[in-house]
Amino acid sequence: MSEPWLARAAAVESWARDLRRRIHANPELSGQEWETAALVAQTLAGLGLSTRTGVGGHGVVCDIVGGSPGPMVALRADMDALPIQEATGLSYASQRPGVMHACGHDGHTAMLLGTASVLAAARDRLRGTVRLIFQPAEETVAGAAAMCADGAMNGVSAIFALHGWPGVDVGTIATKPGPVMASTDTFEIVIQGRGSHGAYPHLSRDPIAIGALVVIAAQQIVARQIDPLEPAVITFGTFHAGTATNIIPSSATLTGTMRALSASVREALPRALEETTRGVCASQGATCTCTIHTGVDPVVNDPTWTVVAVEATRAGLGAEYTAELHAPSMGAEDFGVYLRHAPGAFLRLGIGDNAVGHDCRYDFNDAALVHGMACMAVVAEKALDAADLR
Ligand SMILES: [Zn+2]
Ligand SMILES: [Zn+2]
């Protein structure tokens with residue numbers, strides 16, 4: 001007989017909601033999650049669970065050891081907020097100017113604490129160990145790597161995470177096998193031209209005009225060099241040059257992000273960008289440097305573990321709370337880093353009508369907490385059973 005996870009989650013719903021709002025009101029930027037981590041550790045201690053703190057920075061790891069021996073599966077939540085001035089007008093809005101939980105990590109953290117509570121109460125029926133990973137610095141895509149380097153994935157057979165998703169019905173879990181989130185790598189291009197008076201362009205090598213050509217030429221990479229069946233994005237996010245209307249500056253700096261869903265496209269983009277930029281600059285008599293900052297892998301769900309997660313969700317929440325995901329997102333997530341250490345699946349949790357993530361009006365929907373907590377609990381239980389059979 002399946003444990004009634006939904007009922008167990010409902011019993012801790014208001015407790016988890018209070019935690020969520022407390023975390024929402026006290027957001028901390030990536031790498032600065034002192035208070036959030038302390039609250040997590042203290043809450044877990046209150047549940048009679050022991051924790052390892054300071055993992056990969058401010059990360060917290062907690063093992064819930066089941067009633068019988070077996071494998072270990074991990075559940076992950078992220079704890080950091082964003083440099084955004086909140087504009088929700090909520091009673092529990094951020095008390096820190098310019099910092100806000102606009103990606104729902106307050107919800108993820110509270111949900112995993114709720115899951116800890118229901119799993120700890122039912123630990124006797126777990127065949128193995130459930131590891132809870134509360135990670136810092138997801139928004140800077142640095143936290144997962146730091147936690148893995150600090151041993152967070154040692155001994156883990158499979159890992160799962162939930163991310164709140166606007167536009168999906170409240171409480172519905174949506175996922176698919178294969179790629180679900182994109183890789184991200186960033187670039188910085190510095191074009192070195194020659195300055196001049198604005199009235200004498202022929203004496204210059206105008207880095208603004210050349211930079212504009214680079215921006216346009218880079219779009220040709222996606223349009224003409226990448227297989228149209230393979231998604232790719234090159235976006236310029238900043239373009240800085242110049243000081244006055246009548247001066248042609250000597251240099252320009254452009255930065256941006258590249259996204260892909262496959263390793264081959266991810267590898268091709270920086271090479272093509274550098275070649276294109278060099279070619280354009282050379283044709284205009286300028287030089288350039290092109291620096292690539294490697295980000296994170298795409299999140300690619302393991303087919304077998306995705307089925308385990310979907311079937312567990314169906315059993316625990318009801319078929320009406322599962323939905324097939326049709327297309328991945330070109331957004332990025334550092335969850336893919338964990339998948340280098342063990343297979344797993346990244347699940348979307350519907351939070352209904354909501355502002356898009358990273359918007360100043362975003363608020364994680366508390367109505368989704370129960371389903372999120374129950375989903376993580378039942379996925380952990382069923383994953384332990386599945387890992388045991390492998
Ligand atoms: Zn985010
Ligand atoms: Zn996020």
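The values are calculated or read from the model by the stated rules, or taken from the named source; none is laboratory data. Keep in mind that what you see is a predicted model, and the values were worked out from it rather than measured. These accessible areas exclude ligands, DNA and RNA; they are computed on the full protein's heavy atoms, side chains included. Shrake-Rupley method; radii C 1.70, N 1.55, O 1.52, S 1.80 Å.
Considering all C-alpha pairs of segment 246-361, those separated by over 16 Å amount to 74%. For the pair Glu267 and Thr238 in one chain, pulling the backbone fully straight at 0.36 nm per residue adds 8.2 nm over the alpha carbon distance. For the chain, the longest principal axis of the alpha carbon atoms and the long axis of helix 303-317 meet at an angle near 50°. With axes computed from alpha carbons, what is the tilt in degrees of helix 34-46 against the longest principal axis of the chain, rounded to the nearest 10 within 0 to 90? Roughly 10 degrees between the two axes. Taking the C-alpha atoms only, the angle from helix 105-121 to the longest principal axis of the chain is near 20 degrees. Restricting the calculation to Cα atoms, the chain shows an Rg/Rh of 1.05 when the hydrodynamic-style radius is the Kirkwood one.
Determine the percent antiparallel among the DSSP beta bridges restricted to the chain, to the nearest 5.
On the way: 46 of 71 bridges.
So the antiparallel bridges amount to about 65 percent of the total.
Fully extending the segment from His202 to Arg96, taken as 0.36 nm per residue of separation minus the present Cα-Cα distance, adds 33.1 nm. One quarter of the surface of the convex hull around the alpha-carbon atoms of segment 1-123 equals 8.3 nm², the direction-averaged projected area. The residues of segment 182-296 have, on average, 51 Å² of accessible surface per residue, using a 1.4 Å probe with all protein chains present. Only protein atoms count toward the accessible area here, which uses a 1.4 Å probe; on segment 96-187, the carbon and sulfur part of that area reaches 52 percent. When the Cα atoms of segment 182-296 are aligned to their principal axes, the ranges along those axes come out at 47, 23, 19 Å in descending order.
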